[in-house]
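The values are calculated or read from the model by the stated rules, or taken from the named source; none is laboratory data. Note that this is a predicted model, so its numbers are computed, not measured. Methodologically, a virtual Cβ is constructed for each residue, glycine included, from the backbone with ideal geometry; neighbour enumeration extends over all protein chains shown.
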Amino acid sequence: MALIVQKYGGTSVADLERIRAVCDRVAATVAQGHRVVVVLSAMSGETDRLVALGQKLSARPSPREMDLLLSSGERITVALLAIALDAAGIRARALTGRQAGIYTDTAHTKARIERIETATLTRLLDEGGVPVVAGFQGIVEEGGDSRVSTLGRGGSDTTAVALAAALNADVCEIYTDVDGIYTADPRIVSDARKIQRISFDEILELANLGAKVLHVRSVELAKKFNVPVHVRSSFSEAEGSWVVQGDAAMEQVVVSGIAYSQKEARVTVRGIPDRPGIAAQLFGALATAGVAVDMIVQSVGAAGHASISFTIPETDVQQANDTVAGLKEEMAIAAIEVDPAIAKVSIVGLGMQSHTGVAAKMFETLRAEGINILMISTSEIRISCIIARDQMATAVRALHTAFGLAVAPALVGR
Ligand code: ADP
Ligand code: ASP
Ligand code: MG
(Lines give C-alpha, C1' and ligand atoms only; values in the text may rest on other atoms or scores of the structure.)
(Ligands and ions follow the chains in the order given, each with its own letter.)
Protein backbone atom coordinates (compact mmCIF):
# COMPACT_ATOMS: atom_id res chain seq x y z
CA MET A 1 0.00 0.00 0.00
CA ALA A 2 1.52 3.26 -1.14
CA LEU A 3 0.78 6.89 -0.40
CA ILE A 4 0.25 8.62 -3.72
CA VAL A 5 -0.23 12.34 -4.41
CA GLN A 6 -2.12 12.82 -7.68
CA LYS A 7 -2.23 16.28 -9.24
CA TYR A 8 -4.63 17.01 -12.09
CA GLY A 9 -4.07 20.11 -14.25
CA GLY A 10 -6.61 22.46 -15.83
CA THR A 11 -7.47 20.42 -18.92
CA SER A 12 -7.92 17.33 -16.72
CA VAL A 13 -10.71 19.07 -14.78
CA ALA A 14 -12.00 21.27 -17.63
CA ASP A 15 -15.65 20.16 -17.34
CA LEU A 16 -17.90 17.73 -15.47
CA GLU A 17 -17.10 14.89 -17.85
CA ARG A 18 -13.39 15.29 -17.17
CA ILE A 19 -14.01 15.59 -13.42
CA ARG A 20 -15.92 12.28 -13.58
CA ALA A 21 -12.91 10.73 -15.34
CA VAL A 22 -10.64 12.00 -12.54
CA CYS A 23 -13.10 10.58 -10.01
CA ASP A 24 -12.84 7.16 -11.72
CA ARG A 25 -9.04 7.26 -11.68
CA VAL A 26 -8.90 8.21 -8.00
CA ALA A 27 -11.46 5.48 -7.20
CA ALA A 28 -9.38 2.91 -9.10
CA THR A 29 -6.25 3.91 -7.15
CA VAL A 30 -8.12 3.63 -3.85
CA ALA A 31 -9.51 0.24 -4.93
CA GLN A 32 -5.92 -0.97 -5.41
CA GLY A 33 -5.44 -0.34 -1.70
CA HIS A 34 -3.43 2.90 -1.96
CA ARG A 35 -3.88 6.02 0.12
CA VAL A 36 -4.44 9.04 -2.12
CA VAL A 37 -4.14 12.81 -1.73
CA VAL A 38 -5.52 14.73 -4.71
CA VAL A 39 -4.39 18.22 -5.75
CA LEU A 40 -6.33 20.11 -8.41
CA SER A 41 -5.92 23.13 -10.67
CA ALA A 42 -8.77 25.37 -11.71
CA MET A 43 -10.68 24.48 -14.90
CA SER A 44 -8.49 25.37 -17.90
CA GLY A 45 -8.85 29.03 -18.85
CA GLU A 46 -10.46 29.94 -15.52
CA THR A 47 -7.40 31.59 -13.92
CA ASP A 48 -6.80 33.62 -17.12
CA ARG A 49 -10.44 34.71 -17.01
CA LEU A 50 -10.12 35.83 -13.39
CA VAL A 51 -6.88 37.73 -14.10
CA ALA A 52 -8.61 39.55 -16.97
CA LEU A 53 -11.56 40.49 -14.75
CA GLY A 54 -9.27 42.09 -12.16
CA GLN A 55 -7.27 43.92 -14.83
CA LYS A 56 -10.43 45.37 -16.38
CA LEU A 57 -11.12 47.23 -13.16
CA SER A 58 -7.60 48.49 -12.50
CA ALA A 59 -4.30 48.89 -14.36
CA ARG A 60 -2.48 47.87 -11.18
CA PRO A 61 -4.85 45.66 -9.16
CA SER A 62 -3.83 44.98 -5.55
CA PRO A 63 -1.82 41.72 -5.48
CA ARG A 64 -3.55 40.80 -2.22
CA GLU A 65 -7.04 41.03 -3.71
CA MET A 66 -5.88 39.37 -6.94
CA ASP A 67 -4.73 36.38 -4.87
CA LEU A 68 -8.13 36.00 -3.28
CA LEU A 69 -9.75 36.31 -6.70
CA LEU A 70 -7.39 33.85 -8.43
CA SER A 71 -7.61 31.26 -5.67
CA SER A 72 -11.34 30.89 -6.25
CA GLY A 73 -10.88 28.79 -9.43
CA GLU A 74 -9.37 25.90 -7.48
CA ARG A 75 -12.09 26.04 -4.82
CA ILE A 76 -14.66 25.17 -7.47
CA THR A 77 -12.85 22.13 -8.84
CA VAL A 78 -11.98 20.61 -5.45
CA ALA A 79 -15.56 20.94 -4.25
CA LEU A 80 -16.89 19.38 -7.46
CA LEU A 81 -14.48 16.44 -7.32
CA ALA A 82 -15.25 15.80 -3.65
CA ILE A 83 -18.97 15.78 -4.52
CA ALA A 84 -18.32 13.29 -7.35
CA LEU A 85 -16.15 11.05 -5.13
CA ASP A 86 -18.75 11.14 -2.41
CA ALA A 87 -21.43 10.09 -4.90
CA ALA A 88 -19.16 7.19 -5.91
CA GLY A 89 -19.03 6.02 -2.30
CA ILE A 90 -15.54 7.32 -1.52
CA ARG A 91 -15.12 9.41 1.58
CA ALA A 92 -13.56 12.62 0.27
CA ARG A 93 -12.97 16.06 1.76
CA ALA A 94 -12.34 19.20 -0.28
CA LEU A 95 -9.78 21.53 1.32
CA THR A 96 -8.60 25.04 0.52
CA GLY A 97 -4.89 25.80 0.92
CA ARG A 98 -5.65 27.21 4.36
CA GLN A 99 -7.57 24.08 5.43
CA ALA A 100 -4.73 21.90 4.15
CA GLY A 101 -2.27 23.82 6.37
CA ILE A 102 -0.16 25.38 3.59
CA TYR A 103 1.65 28.49 4.86
CA THR A 104 3.60 30.78 2.53
CA ASP A 105 5.75 33.91 2.64
CA THR A 106 4.20 37.32 1.95
CA ALA A 107 5.09 37.61 -1.77
CA HIS A 108 1.54 37.85 -3.09
CA THR A 109 0.99 36.32 -6.57
CA LYS A 110 4.35 34.48 -6.39
CA ALA A 111 4.49 33.22 -2.81
CA ARG A 112 6.78 30.42 -1.68
CA ILE A 113 5.59 27.68 0.63
CA GLU A 114 7.31 28.00 4.01
CA ARG A 115 5.73 25.17 5.95
CA ILE A 116 2.89 22.68 5.83
CA GLU A 117 0.94 21.66 8.91
CA THR A 118 -0.09 18.16 7.96
CA ALA A 119 -2.32 17.33 10.96
CA THR A 120 -5.64 17.66 9.07
CA LEU A 121 -4.38 15.74 6.05
CA THR A 122 -2.93 12.96 8.19
CA ARG A 123 -6.13 12.65 10.19
CA LEU A 124 -8.24 12.40 7.03
CA LEU A 125 -5.90 9.77 5.58
CA ASP A 126 -5.92 7.80 8.84
CA GLU A 127 -9.72 7.81 8.73
CA GLY A 128 -9.55 6.26 5.26
CA GLY A 129 -10.56 9.46 3.49
CA VAL A 130 -9.26 11.17 0.36
CA PRO A 131 -8.21 14.80 0.87
CA VAL A 132 -8.83 16.88 -2.26
CA VAL A 133 -6.62 19.95 -1.96
CA ALA A 134 -6.91 23.21 -3.90
CA GLY A 135 -3.58 23.70 -5.67
CA PHE A 136 -1.75 27.01 -6.26
CA GLN A 137 -2.80 28.62 -2.97
CA GLY A 138 -1.75 29.02 0.61
CA ILE A 139 -2.17 31.32 3.54
CA VAL A 140 0.08 34.10 4.76
CA GLU A 141 0.06 35.27 8.34
CA GLU A 142 1.48 38.69 9.09
CA GLY A 143 0.99 40.85 12.16
CA GLY A 144 -2.20 39.15 13.26
CA ASP A 145 -3.59 39.37 9.72
CA SER A 146 -4.19 36.22 7.70
CA ARG A 147 -4.60 36.36 3.93
CA VAL A 148 -4.85 34.06 0.93
CA SER A 149 -1.72 33.84 -1.24
CA THR A 150 -1.01 32.16 -4.58
CA LEU A 151 2.18 30.47 -5.74
CA GLY A 152 2.59 31.91 -9.25
CA ARG A 153 1.02 30.71 -12.48
CA GLY A 154 1.27 26.94 -12.86
CA GLY A 155 1.78 26.63 -9.10
CA SER A 156 -0.47 23.61 -8.50
CA ASP A 157 2.45 21.37 -9.42
CA THR A 158 4.30 22.94 -6.51
CA THR A 159 1.44 22.31 -4.10
CA ALA A 160 1.47 18.65 -5.12
CA VAL A 161 5.22 18.11 -4.75
CA ALA A 162 5.31 20.05 -1.46
CA LEU A 163 2.52 17.87 -0.05
CA ALA A 164 4.27 14.73 -1.30
CA ALA A 165 7.45 15.86 0.48
CA ALA A 166 5.65 16.82 3.70
CA LEU A 167 3.70 13.55 3.83
CA ASN A 168 6.67 11.48 2.69
CA ALA A 169 4.59 10.08 -0.18
CA ASP A 170 5.91 7.27 -2.35
CA VAL A 171 5.25 9.15 -5.58
CA CYS A 172 3.84 12.42 -6.88
CA GLU A 173 1.87 11.85 -10.09
CA ILE A 174 1.37 14.93 -12.28
CA TYR A 175 -1.56 14.30 -14.65
CA THR A 176 -1.68 16.66 -17.61
CA ASP A 177 -2.73 16.87 -21.27
CA VAL A 178 0.47 15.31 -22.64
CA ASP A 179 1.66 11.84 -21.68
CA GLY A 180 5.04 12.93 -20.36
CA ILE A 181 7.99 15.24 -20.73
CA TYR A 182 9.08 15.52 -24.35
CA THR A 183 12.33 16.53 -26.03
CA ALA A 184 10.51 19.77 -26.97
CA ASP A 185 6.97 21.11 -26.61
CA PRO A 186 4.92 18.64 -28.69
CA ARG A 187 2.64 21.52 -29.69
CA ILE A 188 5.54 23.08 -31.62
CA VAL A 189 7.59 20.04 -32.67
CA SER A 190 5.49 17.24 -34.14
CA ASP A 191 8.24 14.61 -33.94
CA ALA A 192 9.22 15.42 -30.35
CA ARG A 193 9.96 12.24 -28.39
CA LYS A 194 8.80 11.28 -24.93
CA ILE A 195 11.67 11.10 -22.43
CA GLN A 196 11.28 8.09 -20.14
CA ARG A 197 13.69 9.32 -17.48
CA ILE A 198 14.99 12.85 -17.04
CA SER A 199 17.24 14.23 -14.31
CA PHE A 200 16.10 16.86 -11.82
CA ASP A 201 18.77 19.23 -13.14
CA GLU A 202 17.70 18.92 -16.77
CA ILE A 203 13.98 19.41 -16.14
CA LEU A 204 14.83 22.25 -13.76
CA GLU A 205 16.65 24.05 -16.57
CA LEU A 206 13.91 23.24 -19.10
CA ALA A 207 11.21 24.52 -16.73
CA ASN A 208 13.25 27.62 -15.90
CA LEU A 209 13.68 28.31 -19.60
CA GLY A 210 9.97 28.15 -20.36
CA ALA A 211 8.84 24.49 -20.66
CA LYS A 212 5.64 24.83 -18.68
CA VAL A 213 5.04 21.10 -18.27
CA LEU A 214 6.26 21.47 -14.66
CA HIS A 215 6.32 24.55 -12.43
CA VAL A 216 9.96 25.48 -11.65
CA ARG A 217 9.48 25.52 -7.90
CA SER A 218 7.93 22.03 -7.98
CA VAL A 219 11.12 20.66 -9.52
CA GLU A 220 13.28 22.49 -6.97
CA LEU A 221 11.27 20.89 -4.16
CA ALA A 222 11.30 17.45 -5.79
CA LYS A 223 15.08 17.67 -6.07
CA LYS A 224 15.57 18.96 -2.53
CA PHE A 225 13.36 16.33 -0.91
CA ASN A 226 14.04 13.60 -3.47
CA VAL A 227 10.35 13.15 -4.34
CA PRO A 228 9.84 10.72 -7.24
CA VAL A 229 7.74 12.59 -9.84
CA HIS A 230 5.83 10.82 -12.60
CA VAL A 231 4.43 13.11 -15.32
CA ARG A 232 1.64 11.38 -17.23
CA SER A 233 -1.62 11.86 -19.10
CA SER A 234 -5.05 11.90 -17.48
CA PHE A 235 -6.43 10.89 -20.89
CA SER A 236 -4.63 7.52 -21.12
CA GLU A 237 -3.06 4.75 -19.08
CA ALA A 238 0.33 5.14 -20.79
CA GLU A 239 3.46 5.20 -18.65
CA GLY A 240 4.72 8.79 -18.55
CA SER A 241 8.11 10.33 -17.73
CA TRP A 242 9.99 9.87 -14.46
CA VAL A 243 12.03 12.68 -12.97
CA VAL A 244 15.03 11.14 -11.21
CA GLN A 245 18.52 11.89 -9.93
CA GLY A 246 20.98 12.28 -12.85
CA ASP A 247 22.87 9.14 -13.80
CA ALA A 248 25.84 8.30 -15.97
CA ALA A 249 23.76 6.82 -18.78
CA MET A 250 22.00 10.12 -19.29
CA GLU A 251 25.24 11.95 -19.83
CA GLN A 252 25.77 10.13 -23.12
CA VAL A 253 23.10 12.39 -24.57
CA VAL A 254 24.60 15.80 -25.31
CA VAL A 255 21.30 17.64 -25.60
CA SER A 256 18.18 16.23 -23.90
CA GLY A 257 15.64 18.89 -24.68
CA ILE A 258 14.79 22.25 -26.23
CA ALA A 259 12.81 24.95 -24.44
CA TYR A 260 11.43 28.30 -25.48
CA SER A 261 9.93 31.31 -23.80
CA GLN A 262 7.93 34.12 -25.36
CA LYS A 263 7.27 35.90 -22.11
CA GLU A 264 10.28 38.18 -22.04
CA ALA A 265 11.15 41.60 -23.46
CA ARG A 266 14.50 43.24 -24.24
CA VAL A 267 15.39 46.69 -23.00
CA THR A 268 18.32 48.59 -24.54
CA VAL A 269 19.82 51.64 -22.87
CA ARG A 270 22.00 53.56 -25.34
CA GLY A 271 24.71 56.17 -25.14
CA ILE A 272 25.67 55.97 -21.47
CA PRO A 273 29.10 57.44 -20.63
CA ASP A 274 31.40 54.43 -20.17
CA ARG A 275 32.66 54.86 -16.60
CA PRO A 276 32.93 52.64 -13.53
CA GLY A 277 29.65 52.14 -11.70
CA ILE A 278 27.11 52.52 -14.51
CA ALA A 279 26.06 48.86 -14.41
CA ALA A 280 25.86 48.97 -10.62
CA GLN A 281 23.68 52.09 -10.76
CA LEU A 282 21.35 50.80 -13.48
CA PHE A 283 20.85 47.27 -12.15
CA GLY A 284 20.78 48.47 -8.55
CA ALA A 285 17.80 50.68 -9.39
CA LEU A 286 16.08 47.84 -11.27
CA ALA A 287 16.62 45.44 -8.36
CA THR A 288 15.18 47.97 -5.90
CA ALA A 289 12.15 48.30 -8.18
CA GLY A 290 11.69 44.50 -8.06
CA VAL A 291 12.47 43.94 -11.76
CA ALA A 292 13.93 40.46 -12.40
CA VAL A 293 16.72 40.85 -14.97
CA ASP A 294 17.80 37.75 -16.87
CA MET A 295 20.42 38.19 -19.63
CA ILE A 296 22.71 41.24 -19.87
CA VAL A 297 24.95 42.35 -22.73
CA GLN A 298 27.13 45.46 -22.61
CA SER A 299 28.85 46.84 -25.68
CA VAL A 300 31.20 49.78 -25.88
CA GLY A 301 30.45 52.05 -28.79
CA ALA A 302 32.13 55.16 -30.12
CA ALA A 303 33.54 58.04 -28.06
CA GLY A 304 33.52 56.30 -24.70
CA HIS A 305 29.81 55.60 -24.73
CA ALA A 306 28.32 52.19 -23.94
CA SER A 307 25.02 50.43 -24.63
CA ILE A 308 23.51 47.91 -22.26
CA SER A 309 20.79 45.45 -23.31
CA PHE A 310 18.98 43.22 -20.87
CA THR A 311 15.96 40.94 -20.81
CA ILE A 312 13.13 41.02 -18.28
CA PRO A 313 9.76 39.25 -17.85
CA GLU A 314 7.19 41.01 -20.05
CA THR A 315 5.10 41.63 -16.94
CA ASP A 316 7.90 43.92 -15.66
CA VAL A 317 8.17 46.12 -18.78
CA GLN A 318 6.24 49.07 -17.37
CA GLN A 319 8.18 49.01 -14.12
CA ALA A 320 11.54 48.71 -15.91
CA ASN A 321 10.71 51.54 -18.31
CA ASP A 322 9.67 53.85 -15.46
CA THR A 323 12.81 52.98 -13.51
CA VAL A 324 15.26 53.56 -16.37
CA ALA A 325 13.42 56.73 -17.44
CA GLY A 326 13.90 57.99 -13.88
CA LEU A 327 17.70 57.64 -14.32
CA LYS A 328 17.85 59.30 -17.73
CA GLU A 329 19.24 62.68 -16.68
CA GLU A 330 21.36 61.46 -13.81
CA MET A 331 23.11 58.83 -15.96
CA ALA A 332 23.05 60.93 -19.17
CA ILE A 333 21.26 58.16 -21.05
CA ALA A 334 20.81 58.99 -24.75
CA ALA A 335 17.93 56.60 -25.53
CA ILE A 336 15.83 53.77 -24.08
CA GLU A 337 14.32 51.14 -26.37
CA VAL A 338 11.97 48.28 -25.46
CA ASP A 339 11.59 45.31 -27.81
CA PRO A 340 8.74 43.03 -26.73
CA ALA A 341 8.85 40.82 -29.85
CA ILE A 342 11.66 38.52 -28.73
CA ALA A 343 11.86 34.85 -27.82
CA LYS A 344 14.42 32.79 -25.93
CA VAL A 345 15.33 29.38 -27.33
CA SER A 346 17.50 27.09 -25.25
CA ILE A 347 19.16 23.71 -25.53
CA VAL A 348 19.65 21.70 -22.32
CA GLY A 349 21.68 18.59 -21.54
CA LEU A 350 23.91 17.17 -18.81
CA GLY A 351 26.22 15.83 -21.53
CA MET A 352 27.24 19.36 -22.59
CA GLN A 353 29.63 19.40 -19.66
CA SER A 354 31.90 16.91 -21.40
CA HIS A 355 31.35 17.77 -25.06
CA THR A 356 32.78 20.62 -27.10
CA GLY A 357 31.34 22.32 -30.16
CA VAL A 358 27.76 22.30 -28.89
CA ALA A 359 27.43 26.09 -28.94
CA ALA A 360 28.98 26.30 -32.41
CA LYS A 361 26.48 23.73 -33.67
CA MET A 362 23.59 25.70 -32.19
CA PHE A 363 24.74 28.97 -33.80
CA GLU A 364 25.37 27.27 -37.16
CA THR A 365 21.88 25.71 -37.08
CA LEU A 366 20.30 29.12 -36.49
CA ARG A 367 22.47 30.70 -39.21
CA ALA A 368 21.37 28.07 -41.72
CA GLU A 369 17.77 29.14 -41.05
CA GLY A 370 18.67 32.81 -41.53
CA ILE A 371 17.98 33.56 -37.86
CA ASN A 372 19.87 36.43 -36.25
CA ILE A 373 21.03 35.92 -32.65
CA LEU A 374 20.43 39.00 -30.49
CA MET A 375 21.88 37.74 -27.20
CA ILE A 376 23.54 34.59 -25.88
CA SER A 377 23.91 33.12 -22.42
CA THR A 378 25.29 29.82 -21.21
CA SER A 379 25.58 27.65 -18.13
CA GLU A 380 27.23 24.27 -17.65
CA ILE A 381 24.21 22.43 -19.00
CA ARG A 382 22.44 24.91 -21.27
CA ILE A 383 22.83 27.50 -24.01
CA SER A 384 20.16 30.14 -24.62
CA CYS A 385 19.79 32.55 -27.54
CA ILE A 386 17.47 35.52 -27.84
CA ILE A 387 15.97 35.80 -31.33
CA ALA A 388 13.01 37.49 -33.02
CA ARG A 389 9.73 36.04 -31.71
CA ASP A 390 8.33 35.24 -35.18
CA GLN A 391 11.30 32.91 -35.78
CA MET A 392 10.87 30.96 -32.54
CA ALA A 393 9.04 27.89 -33.93
CA THR A 394 11.48 27.57 -36.86
CA ALA A 395 14.43 27.74 -34.47
CA VAL A 396 13.02 25.15 -32.05
CA ARG A 397 12.26 22.68 -34.87
CA ALA A 398 15.67 23.17 -36.53
CA LEU A 399 17.55 22.68 -33.25
CA HIS A 400 15.45 19.62 -32.42
CA THR A 401 16.47 18.03 -35.71
CA ALA A 402 20.10 19.21 -35.60
CA PHE A 403 20.71 17.62 -32.20
CA GLY A 404 19.08 14.35 -33.28
CA LEU A 405 16.30 14.49 -30.72
CA ALA A 406 13.61 12.93 -32.89
CA VAL A 407 15.66 9.74 -33.05
CA ALA A 408 15.75 7.63 -29.87
CA PRO A 409 19.31 7.43 -28.56
CA ALA A 410 20.45 3.83 -29.06
CA LEU A 411 22.66 3.00 -26.10
CA VAL A 412 20.92 5.06 -23.52
CA GLY A 413 18.45 3.68 -21.01
CA ARG A 414 15.53 5.90 -21.89
P1 ADP B 1 -1.62 21.52 -16.76
O2 ADP B 1 -2.80 22.41 -16.91
O3 ADP B 1 -1.97 20.07 -16.75
O4 ADP B 1 -0.72 21.90 -15.62
P5 ADP B 1 0.17 22.83 -18.61
O6 ADP B 1 -0.47 23.48 -19.79
O7 ADP B 1 0.60 23.70 -17.48
O8 ADP B 1 -0.79 21.67 -18.11
O9 ADP B 1 1.47 21.99 -19.06
C10 ADP B 1 1.35 21.03 -20.10
C11 ADP B 1 1.81 21.64 -21.43
O12 ADP B 1 3.21 21.90 -21.36
C13 ADP B 1 1.66 20.75 -22.61
O14 ADP B 1 0.37 20.83 -23.18
C15 ADP B 1 2.75 21.24 -23.57
O16 ADP B 1 2.23 22.07 -24.58
C17 ADP B 1 3.65 22.11 -22.70
N18 ADP B 1 5.06 21.74 -22.81
C19 ADP B 1 6.08 22.61 -23.00
N20 ADP B 1 7.24 21.98 -23.09
C21 ADP B 1 6.99 20.66 -22.94
C22 ADP B 1 7.81 19.49 -22.93
N23 ADP B 1 9.14 19.55 -23.10
N24 ADP B 1 7.20 18.29 -22.75
C25 ADP B 1 5.87 18.21 -22.56
N26 ADP B 1 5.04 19.28 -22.57
C27 ADP B 1 5.59 20.50 -22.76
N1 ASP C 1 -4.77 27.61 -11.99
C2 ASP C 1 -3.43 28.13 -11.84
C3 ASP C 1 -2.93 28.66 -13.18
O4 ASP C 1 -3.62 28.59 -14.17
C5 ASP C 1 -2.48 27.15 -11.25
C6 ASP C 1 -2.22 25.90 -12.07
O7 ASP C 1 -2.99 25.59 -12.98
O8 ASP C 1 -1.25 25.20 -11.77
O9 ASP C 1 -1.85 29.18 -13.24
MG1 MG D 1 0.70 23.47 -15.40
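The table for this structure:
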| quantity | calculated |
| --- | --- |
| Residue match in segment 50-58 (condition: in contact with a Phe, Trp or Tyr (Cβ under 8 Å, 6 or more places away or on another chain), within 16 Å of ligand 3 (Cβ to nearest atom) and of a type outside the set (D, E, K, R)) | no |
| Members of segment 170-218 that are more than 10 Å from ligand 1 (Cβ to nearest atom), farther than 20 Å from Gly349 by Cβ and of a type in the set (A, V, I, L, M) | Val171 |
| Test: residue in segment 52-60 that is surrounded by fewer than 23 Cβ atoms within 10 Å (Cβ to Cβ), closer than 21 Å to Leu214 by Cβ and modelled with pLDDT of 95 or more | no |
| Criterion (more than 29 Å from Glu337 (Cα to Cα), aromatic (Phe, Trp, Tyr) and touching a residue at least 12 places away in the same chain (Cβ under 8 Å)) met by exactly one of Phe225, Phe283 | Phe225 |
| Members of segment 61-73 that are polar (S, T, N, Q) and surrounded by fewer than 21 Cβ atoms within 10 Å (Cβ to Cβ) | Ser62, Ser72 |
| Any hit, segment 80-100, residues being of a type in the set (A, V, I, L, M, F, W, C) and under 26 Å from Ile203 (Cα atoms) | no |
| Conditions (1) more than 16 Å from ligand 3 (Cβ to nearest atom); (2) in contact (Cβ under 8 Å) with a residue 40 or more places away in the chain; (3) in a strand (DSSP E or B): number failed by Glu141 | (2) |
| Matching entry among Ile19, Ile76, Ile83 (being free of Cβ contacts under 8 Å to residues at least 24 places away in the same chain, away from ligand 3 (no atom under 16 Å from the Cβ), of a type in the set (Val, Ile, Thr) and surrounded by fewer than 24 Cβ atoms within 10 Å (Cβ to Cβ)) | Ile83 |
| Looking only at segment 28-50, and only at residues there that are more than 16 Å from ligand 1 (Cβ to nearest atom) and touching a residue at least 40 places away in the same chain (Cβ under 8 Å), the one that is farthest from the chain's Cα centre (by Cα) | Val30 |
| Ala21 within 17 Å of Ala84 (Cβ to Cβ), under 27 Å from the mean Cα position of the chain (by Cα) and within 11 Å of ligand 1 (Cβ to nearest atom) | no |
| Scope segment 28-57; condition under 30 Å from Met1 (Cβ atoms), within 10 Å of ligand 2 (Cβ to nearest atom) and not small (Gly, Ala, Ser); matching residues | Val39, Leu40 |
| Any chance Gly246 is in contact with a strand residue (DSSP E or B) (Cβ under 9 Å, 6 or more places away or on another chain), farther than 28 Å from Ile342 by Cα and modelled with pLDDT under 95 | yes |
| Total residues in segment 1-16, condition away from ligand 3 (no atom under 16 Å from the Cβ) and surrounded by 19 or more Cβ atoms within 10 Å (Cβ to Cβ) | 1 |
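Condition check ((1) surrounded by 19 or more Cβ atoms within 10 Å (Cβ to Cβ); (2) in a loop (DSSP other than H, G, I, E, B); (3) of a type in the set (Gly, Ala, Ser)) across all residues:
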{"residue": "Thr356", "(1), (2), (3)": "no, yes, no"}
{"residue": "Met362", "(1), (2), (3)": "yes, no, no"}
{"residue": "Arg367", "(1), (2), (3)": "no, no, no"}
{"residue": "Ser377", "(1), (2), (3)": "no, no, yes"}
{"residue": "Ser384", "(1), (2), (3)": "yes, no, yes"}
{"residue": "Ile387", "(1), (2), (3)": "yes, no, no"}
{"residue": "Ala393", "(1), (2), (3)": "no, no, yes"}
{"residue": "His400", "(1), (2), (3)": "yes, no, no"}
